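See structure below.
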Amino acid sequence: MSFFGFGQSAELELVLSDAESRRRAEHKTEEGKKEKYFLFYDGETVSGRVTLTLKHPNKRLEHQGIKVEFIGQIELYYDRGNHHEFVSLVKDLARPGEFTQSQTFVFEFTHVEKPYESYTGQNVKLRYFLRATVSRRLNDVVKEMDIVVHTLSTYPELNSSIKMEVGIEDCLHIEFEYNKSKYHLKDVIVGKIYFLLVRIKIKHMEIDIIKRETTGTGPNVYHENDTIAKYEIMDGAPVRGESIPIRLFLAGYELTPTMRDINKKFSVRYYLNLVLIDEEERRYFKQQEVVLWRKGDIVRKSMSHQAAIASQRFEGTSSHAEARTPSQPAENNSRQ
């Protein structure tokens, strides 16, 4: 290709303006590997520079324009040809012309809306990325940089406990209770199981955390269940009146917040599955959905300016600290 003059004659580099200070977060790739990416939140500004380097300084580079884009898109693996973009911002960096030397361009996307959390699943991927493009007649020069977005939530006002009775008539009757129905990703599930009637020989009991990913609509709906954790709570036969405590720490597992009908393309839900196995290897189980959410663990310095702007909207109130806006999720959570 280079022999005929069609090869790449320039290279692009994307660098964030706060790359040295910005926090990074681990995120799973399609191949299942964990890699670190720059971490952003909803409402944060994305800025940096694009550097164009000519491979042959003595040659001219003709182009039809240079641009940088900030894109949020959903890709369904069974429909890879179609990318569903829910965020698409463009900045033109240079008009059509030619270059005889390397150039650097500065860009800024101010207070960018990033409504959903980055996600890589079994059948779907939600990603955010920057893309710089030098448009040329035959072959564009393109450079992409992925980032990771986390969505933060405040403590849910309604968070009732879960209490249910399950059983088999005249054979088994148990009552289980979990302290909450909504948990943050570093939370602890506390509960108890009461045996009211036991006439079958149970040898094992466990709680599973199950992630259910749903993609597609109508007749083309795909459900993918993934067992994230198995937690043994009893080994041996229980007796009537016995009570088994549950204490399950979520911090050690790979969990995401619950996602409901994201851009009408996919959902991710979590369930606690109580499993009993008797001596004849028969399985009895009861499933209960729980809601997971991400709690802000620190007050982010990068958001302090936006928080100050947001608090000004509430001038005249008794306390600025009580002001709650979408642009200051970490401050809300730090008060919990």
With equal scatterers on the alpha carbons only and no solvent term, can you work out the Debye log10 of I(q)/I(0) for the stretch 86-140 at 0.25 1/Å? -1.16
In nanometres, the difference between 0.36 nm per residue of separation and the alpha-carbon distance of Val221 and Val106 is 37.1 nm
Roughly to the nearest percent, how much of the accessible area of the stretch 158-221 is carbon and sulfur, given a 1.4 Å probe? 51 percent
Computing the accessible area with a 1.4 Å probe over protein heavy atoms, can you report the carbon and sulfur percentage for the stretch 23-87? 40 percent
Among trypsin sites (Lys or Arg not before Pro) in the stretch 29-86, those in a DSSP loop whose Cβ has at most 14 other Cβ atoms within 10 Å are Lys33, Lys55, Lys59, Arg60, Arg80
Measuring with a 1.4 Å probe in the full set of protein chains, what accessible area per residue, in whole Å², belongs to the chain? 56 Å²
Give me the Kirkwood hydrodynamic radius of the stretch 1-143 in Å, from all C-alpha pairs, to one decimal place? 17.0 Å
Proximal charge balance of Tyr194 [Cβ under 13 Å; K/R count +1, D/E count -1]: -1
What does the charge count around Arg269 come to, taking other residues whose C-beta lies under 11 Å from its C-beta (Lys +1, Arg +1, Asp -1, Glu -1)? 0
Report the label-to-label distance for Thr51 and Glu144 in nanometres (one decimal), using points 7 Å from each Cα along the Cα→Cβ vector. 2.3 nm
Links that overshoot a 31 Å alpha carbon limit, given the list Lys33/Lys114; Lys55/Lys265; Lys33/Lys186; Lys211/Lys295: Lys55/Lys265
Need the full-extension length gain, Lys91 to Lys182, defined as separation in residues times 0.36 nm minus the C-alpha distance. One decimal, nm. 28.7 nm
Work out from phi, with θ = phi - 60° and the Karplus expression 6.51 cos²θ - 1.76 cosθ + 1.60, the ³J(HN,Hα) of each residue of the stretch 222-229, listed in order in whole Hz, and give x for Gly and Pro. 10, 10, 10, 9, 10, 7, 7, 8
Counting sequence-distant residues (5 or more places) and residues on other chains, those with an amide H built under 5 Å from that of Phe86 are Gly72, Gln73, Ile74
Please give the contour-minus-distance gain from Leu197 to Tyr231: 0.36 nm per residue of separation, less the Cα-Cα distance, rounded to one decimal in nm. 9.9 nm
Of Val50, Pro245, Val124, which is farthest along the charge dipole of the chain in the positive direction, counting Lys and Arg as +1 and Asp and Glu as -1 at C-beta? Val50
Calculated from DSSP H runs of 4 or more alone, at -39500 (n - 2.57) each and per residue, what is the 222 nm mean residue ellipticity of the chain, nearest 500? -1000 deg cm²/dmol
Charge tally in the Cβ shell below 15 Å around Thr120, where Lys, Arg are +1 and Asp, Glu are -1, Thr120 excluded: -2
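The values are calculated or read from the model by the stated rules, or taken from the named source; none is laboratory data. Small disclaimer: the values here were computed from a predicted structure and weren't measured. Note: ideal-geometry Cβ built from the backbone for every residue, glycine included; neighbour counts use all protein chains shown. Calculation scope for accessible area: heavy atoms of the full protein, side chains included, ligands and nucleic acids excluded. Shrake-Rupley method; radii C 1.70, N 1.55, O 1.52, S 1.80 Å.
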